[in-house]
Amino acid sequence: MTDLFQELKKKIENNQRISDTEALALFESNDLLAIGELAAEVNHRKNGDRVFFNVNRHINYTNICVNQCTFCAFSKLEGEVDGYTLALGEIRKKAEEAVAAGATEIHSVGGLHPRLPFEFYLDMIRAIKAVSPQLHVKAFTAVEIDYFARISKTTTLEVIHALQEAGLGSMPGGGAEIFAKEVRDKICPEKISGERWLEVIEQVHNAGLKSNATMLFGHLENYADRVDHMSRLRDLQDCTGGFQSFIPLAFQPDNTRVPGAKGVGGVDALKTLAISRIYLDNFQHVKAYWVMLGMKIAQTSLCFGVNDLDGTVIEEQIGHDAGADSPQELGKDRIINLIRVAGKIPVERDTLYRELKVY
Ligand code: V47
Ligand code: SF4
């Protein structure tokens, strides 16, 4: 065992956090199994053998977006043939189907629409909650919150409070991409800055809402950019404690405009998930989003420090528009089986990680 791994093993045994330099050294190491072993140890100390999943449904309410991020194959400009916006009745119907399928959560995000008023988003939450008050609405990213404040000429704090009053339960972790400005300028020049994303999420947490955090990797960023991204998240989590899970999103290159991007291989995906588990000592959960990773890597990641397999999802669009070859949805039985075969205990959770059933 090299000095690096011996040193890190000691740190983990003593519950000490690893430095940015050490995280970078792990990214530069080719010893995937040693990295995985450390991550599995960190996860075991936090979560034992339990692996979470939930029964949820995604609703992407519109793909029309004023931003044109080069990594996004989902967004369309207004007037383009494949552009769509769901009517409130359609959203309600999808929520009804979700409840009938046993879902406890609706995960809803969309493009930045040029003409929908802020009232639409409040009505959308109210329409979902009217289907079942127990249904948890996890919706909107910091990018959308910032946009809603701009279109309604108010503050992000006002927007957050209005959404909470309408029934928003928590927020997903999208829109973070990679915080480093030089990369962000190339992959999403019109999007809010990394600093602004963090500022909005800090307000969200201070308002009492939990959120997740994502990192889009495998495009133009380098290892140092990944460490920088996780470092800023770790710092914010020290202040607010409002992040529930960290979700590395493997970039899907089809139909996108990122020059030279080839997509993410299994080694890089497992390494990134494992290093995030080791580095983010103040995050309780690391989630493998099977839509972007593929089923096989998502399952394997359960031996590399991951303790959450996301959900049943149903009708995912963002990853599939960019070539993800995973299924559109995963049945609960299939998720349970994937977890069991990895030697772990499947636990169905709600959005706030309360245990609903151990299988
Ligand atoms: O913000 C867009 C990413 C995100 C591509 O919080 C792409 O529980 C890969 O945030 N290849 C939306 N990724 C998805 C998201 C998410 C998913 C699952 C669970 C949670 C959660 C959050 O998808 C966007 C962007 O970062 N994305 N295009 C692409 N071509
Ligand atoms: Fe719009 Fe989001 Fe796609 Fe960027 S990632 S173009 S903000 S939908």
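Annotations for the structure displayed:
- Residue count for the range 128-159, restricted to those that are of a type in the set (D, E, K, R) and open to solvent by 60 Å² or more (accessible area, probe 1.4 Å): 3
- With respect to the stated conditions, Lys129 fails to be touching a Lys or Arg at 6+ places or on another chain (Cβ under 9 Å) and assigned to a helix (DSSP H, G or I).
- All of Ile18, Ile12 fail the test of being hydrophobic (A, V, I, L, M, F, W, C), in contact with a Phe, Trp or Tyr (Cβ under 7 Å, 6 or more places away or on another chain) and farther than 30 Å from His136 by Cβ, apart from Ile18.
- Every residue from the range 231-247 that is more than 16 Å from ligand 2 (Cβ to nearest atom) and either surrounded by 23 or more Cβ atoms within 10 Å (Cβ to Cβ) or within 13 Å of the chain's Cα centre (by Cα) (or both): Leu233, Phe243, Gln244, Ser245, Phe246
- Qualifying residue in the range 61-78 (condition: under 24 Å from Glu315 (Cβ atoms) and open to solvent by 70 Å² or more (accessible area, probe 1.4 Å)): yes
- Ala73 vs. criteria in contact (Cβ under 8 Å) with a residue 40 or more places away in the chain and in a helix (DSSP H, G or I): no
- Highlighted here are the strands (runs of 3 or more DSSP E) found entirely within the range 270-358 that include at least 2 residues which are closer than 21 Å to Thr141 by Cβ and either among the hydroxyl-bearing types (Ser, Thr, Tyr) or touching a residue at least 12 places away in the same chain (Cβ under 8 Å) (or both): 308-311.
- When Asp82 is tested against (1) more than 14 Å from Asn56 (Cβ to Cβ); (2) more than 24 Å from the chain's Cα centre (by Cα); (3) more than 16 Å from ligand 1 (Cβ to nearest atom), only condition (3) is not met.
- Here the condition is being among the hydrophobic types (A, V, I, L, M, F, W, C), under 19 Å from the mean Cα position of the chain (by Cα) and surrounded by fewer than 24 Cβ atoms within 10 Å (Cβ to Cβ); of Ile297, Ile336, Ile345, it holds for Ile297 alone.
- Sole exception among (1) within 14 Å of ligand 1 (Cβ to nearest atom); (2) open to solvent by less than 40 Å² (accessible area, probe 1.4 Å) for Asp254, by number: (2)
- Residues that are open to solvent by less than 50 Å² (accessible area, probe 1.4 Å) and in contact (Cβ under 8 Å) with a residue 60 or more places away in the chain within the range 95-122 comprise Ala98, Gly102, Ala103, Thr104, Glu105, His107, Val109, listed in sequence order.
The values are calculated or read from the model by the stated rules, or taken from the named source; none is laboratory data. No experiment lies behind these values; they were computed from the predicted model shown. No Cβ is skipped: glycine too gets one built from the backbone with ideal geometry, and neighbour counts run over all protein chains shown. Note: accessible area is taken over every heavy atom of the protein model, side chains too, but ligands, DNA and RNA are not part of it. Shrake-Rupley method; radii C 1.70, N 1.55, O 1.52, S 1.80 Å.
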